[in-house]
Amino acid sequence: MKNIVKHLATAAHRALAHLPMGQRRTSPPLPAVILATGLAFGLAAPVAAQQSGGLGAVVQADILPGWQTAQGTRMAALRLRMAPGWHTYWRVPGDAGIAPRLNWSQSQNIQSIEAIWPRPEIIDQNGLRSFGFTEELILPLRITPRDAARPMAIIGELNIGVCRDTCVPADLQVSGALRGGGAEDGRIAGALGQGAQPAERHGLQRATCRLEPTRRGARLTLRATLPPVGAQEQIIMELPGSGYWISNSRTWREGGDLVAEARIRDPDRGAVGINRSAVSFTILSGSQMIEAQGCTAG
């Protein structure tokens, strides 16, 4: 417990250090620091973006402490609140934007954290299509403790993009103590209800993919046989663990097939090869989000 208090206090002092000099206050004794930053008893107060230049008024972050599940994990959430008209990005930003990076490595008594992304909005702007969240994102986090009998300290370093007319990067720190059973939170439950559903439940019959070499990498074409899932259907392909850059896909319908095409490049300019069983894809529409993994040759 002493280590948790120490790390929470360190996070609080870091947040204070990034305030303009006129807004800093002399640090109170340790318990008051923790209470003043909302880190005690499973609460977390907003932590401003750490760049100067007014981003603290644009985006704020905090932890919703959530509840302990019957499986022994913790269902909490990261909450990002943005000023009116501003948005941030989904895990795949699309044609424009900044992919979020969430680093939880400084957390204490936490074995793993799984982010469960809710369905993003499809944002069409200046001829570009991106995926994100306007004014608020509640990102559920499934947390597995190392020792379920001890409290957990969640400490995150967030690198995100926030946009209105233009996009700017924002670096934030957020911290919270997770202890006790907690209580179910309708905000987290609502975000979980917006998570991806298995594509098989929506009639996916098969998925094939074809890789063709190009001068600067490769072209990946995926064909999914399934009924329409709504307006503005878009396939987002991902190659987890490959290290490849993959473009936003061009998606169209051919009868009962939804077809997508994306460009792939190796950052080291080497040859591109894929493991078809590892290809994951999300089908996003204006009303649904479904996902699948793996494709066969075709």
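The values are calculated or read from the model by the stated rules, or taken from the named source; none is laboratory data. Nothing here was measured: the structure is a model prediction, and the numbers come from that model. Here the Cβ positions follow ideal geometry from the backbone for every residue, glycine too, while neighbour counts run over all protein chains shown. Accessible surface areas use protein heavy atoms only, side chains included; no ligands, DNA or RNA. Shrake-Rupley method; radii C 1.70, N 1.55, O 1.52, S 1.80 Å.
A quick yes/no check of all residues on (1) modelled with pLDDT of 95 or more; (2) not in a strand (DSSP E or B):
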position	(1), (2)
156	yes, no
170	no, no
174	yes, no
189	yes, yes
204	yes, yes
212	yes, no
222	yes, no
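Taken together, 130, 112 contain a single residue that is over 16 Å from residue 185 (Cβ atoms), in a strand (DSSP E or B) and open to solvent by less than 30 Å² (accessible area, probe 1.4 Å), which is 130.
Looking across the range 116-127 at every residue that is hydrophobic (A, V, I, L, M, F, W, C) and at pLDDT 95 or above, the one that is surrounded by the fewest Cβ atoms within 10 Å (Cβ to Cβ) is identified as 116.
The strands (runs of 3 or more DSSP E) found entirely in the range 231-298 that carry 3 or more residues being surrounded by 13 or more Cβ atoms within 10 Å (Cβ to Cβ) are 234-238, 257-265, 280-284, 289-293.
Would you check if there is a residue in the range 199-208 being of a type outside the set (A, V, I, L, M) and farther than 28 Å from residue 274 by Cα?
No.
Condition check ((1) in contact (Cβ under 8 Å) with a residue 12 or more places away in the chain; (2) in contact with a helix residue (DSSP H, G or I) (Cβ under 8 Å, 6 or more places away or on another chain); (3) closer than 16 Å to residue 80 by Cα) across all residues:
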| position | (1), (2), (3) |
| --- | --- |
| 125 | yes, no, no |
| 139 | yes, yes, yes |
| 142 | yes, no, no |
| 157 | yes, no, yes |
| 160 | yes, no, yes |
| 163 | yes, no, yes |
| 177 | yes, yes, no |
| 181 | yes, no, no |
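Among the residues of the range 210-246, those that are farther than 14 Å from residue 260 by Cβ, hydroxyl-bearing (Ser, Thr, Tyr) and in contact with a strand residue (DSSP E or B) (Cβ under 8 Å, 6 or more places away or on another chain) comprise 214, 244.
Here is the figure for the range 139-159: residues that are open to solvent by 10 Å² or more (accessible area, probe 1.4 Å), farther than 14 Å from residue 71 by Cα and β-branched (Val, Ile, Thr) total 1.
Which one is most open to solvent (accessible area, probe 1.4 Å), of the residues in the range 160-188 that are aliphatic (A, V, I, L, M) and under 23 Å from residue 107 (Cβ atoms)? The extreme case among them is 183. Take the conditions (1) charged (D, E, K, R); (2) under 14 Å from the mean Cα position of the chain (by Cα); (3) on the phi > 0 side of the Ramachandran plot; residue 157 misses just one of them, which is (3).
Residues of the range 196-227 that are of a type outside the set (S, T, N, Q), under 21 Å from residue 119 (Cβ atoms) and surrounded by 13 or more Cβ atoms within 10 Å (Cβ to Cβ): 196, 199, 202, 203, 204, 207, 222, 224, 226. Pick from the range 59-93 the residues that are open to solvent by less than 30 Å² (accessible area, probe 1.4 Å) and touching a helix residue (DSSP H, G or I) at 6+ places or on another chain (Cβ under 7 Å): which of them is farthest from residue 155 (Cα to Cα)? Going through the qualifying residues, I end up with 83.
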